[in-house]
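Q: What follows is a structure written as structure tokens; I'll ask about it next.
The values are calculated or read from the model by the stated rules, or taken from the named source; none is laboratory data. A quick note: this is a predicted structure, and the numbers were derived from the prediction, not measured. Positions of Cβ are backbone-derived with ideal geometry, glycine not excepted, and every protein chain shown enters the neighbour counts. These area figures cover heavy atoms from the full protein model, side chains too; ligands, DNA and RNA do not enter into them. Shrake-Rupley method; radii C 1.70, N 1.55, O 1.52, S 1.80 Å.
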Amino acid sequence: FSGCKKLTKIYFDGTLEQWMDIDWKGSFSRGYDLYIQNVLLSNLIVPFSVTEIKPSCFYFCRSLVSVHFHDKVLIIGRNSFNKSCLKGHLVIPEGVGTIEYNAFFCTDISTVSLPSTLDDLEYGVFGCCDELKEINVSSKNEKYKSSSGILYDNTGVLKAVAPCASSEPLQIPDFIREIEPNTFCYDAVPPGGIVLS
């Protein structure tokens, strides 16, 4: 459906599980409302039979405002919620090991909680999340940490920032040696600016 600029609604007669099993090779060009068996999908409760959120599964789904994962989900695929209308608190449960690139890119989430099991967080996962105020990582996670609105790994790679964590300038610690792509794209910077050591 790439290039279908007038596509605003999708009606899918199958089940939610069937929709989530589609192997999307591309993505939609504009936002759409998704109806599963004539019911508008706004609050997604991931079915227990689903252990992987397929790439681009809810890309640009503007009707989707919340998602609840169960603890059997292992992978959240690339672009899976990119440009959807997710907002509020996002909880990634224990069990999730991989979140692929741009999974929650350009959403309106305000806080994020990440589990101890997360081992592979690709670039741009929380890029352009202009409403993001807080990123929390389980204290038991051995690879990722968060502090003062930044998310980084144990090798000194900056993975994400929470632009609304403070009105003060965001101080990038001197142990950060690399900033991943899509971290500050579309001017998603803190209102006080950024200070590089």
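Q: Output the lone cysteines of the chain: those with no second cysteine's C-beta under 4.7 Å from their C-beta.
A: Those would be Cys4, Cys57, Cys61, Cys85, Cys129, Cys164, Cys185, since no other cysteine Cβ in the chain comes under 4.7 Å of theirs.
Q: A follow-up question, please. Leaving out ligands, DNA and RNA, and with a 1.4 Å probe, what % of the accessible surface on the range 64-196 is carbon or sulfur? Show your work: numbers first, answer last.
A: Values: 2820 of 5860 Å².
Carbon and sulfur: 48 percent of the exposed surface of the range 64-196.
Q: So how do 118-127, 70-79, 173-182 stack up, highest first, on mean other-Cβ count within 10 Å? Don't skip to the end; give the middle numbers.
A: On the way: 118-127: 21.0, 70-79: 18.3, 173-182: 13.7.
Packing proxy ranking, top to bottom: 118-127, 70-79, 173-182.
Q: Could you tell me the distance between the Cα centroids of the range 7-72 and the range 84-156, to the nearest Å?
A: Each part reduced to its Cα centre gives a spacing of 21 Å.
Q: If I stretch the segment between Lys133 and Lys87 completely, what's the gain in nm (0.36 nm per residue apart, minus their alpha carbon distance), one decimal?
A: On the way: separation 46, 0.36 × 46 = 16.56 nm, distance 1.17 nm.
Using 0.36 nm per residue and subtracting the Cα-Cα distance, I get 15.4 nm.
Q: Follow-up question, since we're still on this one. May I ask for the percentage of alpha-carbon pairs in the range 30-167 that lie more than 26 Å from each other?
A: Details: 1585 of 9453 pairs.
Summing the P(r) tail past 26 Å for the range 30-167 gives 17 percent.
Q: Something else: Let me have the 222 nm mean residue ellipticity of the chain computed from DSSP H runs of 4+ only, each contributing -39500 (n - 2.57), with the sum over all residues rounded to the nearest 500. Let's see the in-between values first.
A: Numbers: 1 runs with 5 residues, N = 197.
Helices in the chain give a 222 nm mean residue ellipticity of -500 deg cm²/dmol.
Q: Please give the per residue accessible area of the range 1-151, computed with a probe of 1.4 Å over protein heavy atoms only, in Å².
A: Details: 7030 Å² over 151 residues.
Value returned for the range 1-151: 47 Å² of accessible area per residue.
Q: Moving to a separate point now. So how do 25-33, 6-14 stack up, highest first, on mean other-Cβ count within 10 Å? Display every interim value, and only then the final one.
A: On the way: 25-33: 14.6, 6-14: 11.4.
Answer by packing, highest mean first, reads 25-33, 6-14.
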